[in-house]
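Q: Here it is, the structure, as structure tokens.
The values are calculated or read from the model by the stated rules, or taken from the named source; none is laboratory data. Note that the coordinates shown come from a computational prediction; the quantities given were computed from them, not determined experimentally. Here the Cβ positions follow ideal geometry from the backbone for every residue, glycine too, while neighbour counts run over all protein chains shown.
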Amino acid sequence: MVTALLRLLASALHVALLLGAAPLLEGLRRWFAARLLGEAGPPPWQPWRDLARLARKQAVRGEGAGAVALAGPTVDFAASLAAAALVPGFAYGMAAAPAADLILFAGLLMLARVARALTAMEVGTAPGGIAAAAVMSRASLAEPALLLAIFALALAAGGSNIDAVATQPGPAATAPRALALVALALVAFAQTRRAEALSRELSGWPLALADGAAALRLTAVLSLIAALFLPWGITAADGLPLLWPAGVVLWGVKLALLTAGLAAAETLLVPPPLPRLLGVAAVLAWLAVVLFCAGQRAT
């Protein structure tokens, strides 16, 4: 009974931290990118101000737009939050741990993409149609890369449960895992690209949900990278609650460092077009699978 209660409390705290940290990480990314360009940039908490301002505004739908234009952002936000909640942050073994499957994680992100595409098409304007096409074309490239990277990690761990993959014994630095890490980093980089045309077609609280969902998706992928490749400092959810604050601090530091690295790569490097970037991610993830299978066959 006590163990189940601790796991529920850890899960509730995890979700609350995700909701609070996701906009801050997006703001930190923008601020750090601006500083690298020699500009002052908005403060890291600016996304929270924008979300609060949008949430107070009335939603305005275009002529001919139906209920999907309002329900789509809600589904997008819920699916993105569910995907982020599956990934262990400061603790392992939370209430959602048995269902925390890498395949489910990818499926929830895909559900969020479909919700965004349907929302864009429901608006019924040319920019909305362009945004829907952009969302689905990006999905056709990002999802294979993500699934292949997940498949490589699941093969190495002997299962696709996120907690099991993150706590697997053996060396963490292997060639397949390194390739999967690079593939996931490229997918995270792709998450920073927004569908600006869709943002212009939404207003009020649906736009706040859409922007919040975008921040949650980036946080989900960065948390997955931190959990799988930087698992230090993560405590057990059913252990001593006094250790949770240290786990929360270390989780925040890891997310902040990954966000800063992402902003630096986005600012200092000249990235190739997004289709080519995601194509490279898919190839690297496929090589990770091949190298793991080759190593298993050799042994």
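Q: Against the definition (at pLDDT 80 or above and under 24 Å from residue 234 (Cα atoms)), how does residue 102 come out, yes or no? Explain how you work it out, then say what you get.
A: Working: at pLDDT 80 or above: yes; under 24 Å from residue 234 (Cα atoms): yes.
Here the answer is yes, as residue 102 does meet what is asked.
Q: Answer with yes or no whether residue 218 is assigned to a helix (DSSP H, G or I) and either touching a residue at least 24 places away in the same chain (Cβ under 8 Å) or in contact with a Gly (Cβ under 7 Å, 6 or more places away or on another chain) (or both).
A: Values: assigned to a helix (DSSP H, G or I): yes; either touching a residue at least 24 places away in the same chain (Cβ under 8 Å) or in contact with a Gly (Cβ under 7 Å, 6 or more places away or on another chain) (or both): yes.
Yes.
Q: Another question, then. How many of the residues in the range 1-36 are touching a helix residue (DSSP H, G or I) at 6+ places or on another chain (Cβ under 6 Å) and farther than 17 Å from residue 97 by Cα?
A: Applying the first criterion (touching a helix residue (DSSP H, G or I) at 6+ places or on another chain (Cβ under 6 Å)) to the range 1-36 yields 15, 18, 22-23, 25-29, 32-33, 36.
Filter once more, so that each one left must be farther than 17 Å from residue 97 by Cα: 22-23, 25-29, 32-33, 36.
So the count comes out to 10.
Q: Let me ask something else. Identify all residues within the range 221-246 that are in a strand (DSSP E or B) and either within 12 Å of the chain's Cα centre (by Cα) or not β-branched (Val, Ile, Thr) (or both); write none if there are none.
A: Filtering the range 221-246 down to residues in a strand (DSSP E or B) leaves 235-236.
Matches in the range 221-246: 236 only.
Q: For the condition in contact with a helix residue (DSSP H, G or I) (Cβ under 9 Å, 6 or more places away or on another chain), at pLDDT 75 or above, closer than 23 Å to residue 278 by Cα and among the acidic types (Asp, Glu), what is the one hit in 196, 143? Reasoning before the result, please.
A: Working: 196 fails: at pLDDT 75 or above.
Result of the check over 196, 143: 143.
Q: Conditions: (1) among the hydroxyl-bearing types (Ser, Thr, Tyr); (2) closer than 18 Å to residue 28 by Cα; (3) in contact with a Gly (Cβ under 7 Å, 6 or more places away or on another chain); (4) modelled with pLDDT under 85. Residue 235 meets all but one. Number of the miss?
A: (2)
Q: I need the full set of residues from the range 20-50 which are touching a Leu at 6+ places or on another chain (Cβ under 9 Å), surrounded by fewer than 17 Cβ atoms within 10 Å (Cβ to Cβ) and aliphatic (A, V, I, L, M), in order please.
A: The answer is 36, and nothing else.
Q: For the range 222-248, which positions are more than 29 Å from residue 179 (Cβ to Cβ), surrounded by fewer than 16 Cβ atoms within 10 Å (Cβ to Cβ), touching a residue at least 12 places away in the same chain (Cβ under 8 Å) and not small (Gly, Ala, Ser)?
A: 241
Q: Given 51, 37, 9, 17, which one is modelled with pLDDT under 90 and under 20 Å from residue 240 (Cα atoms)?
A: 9
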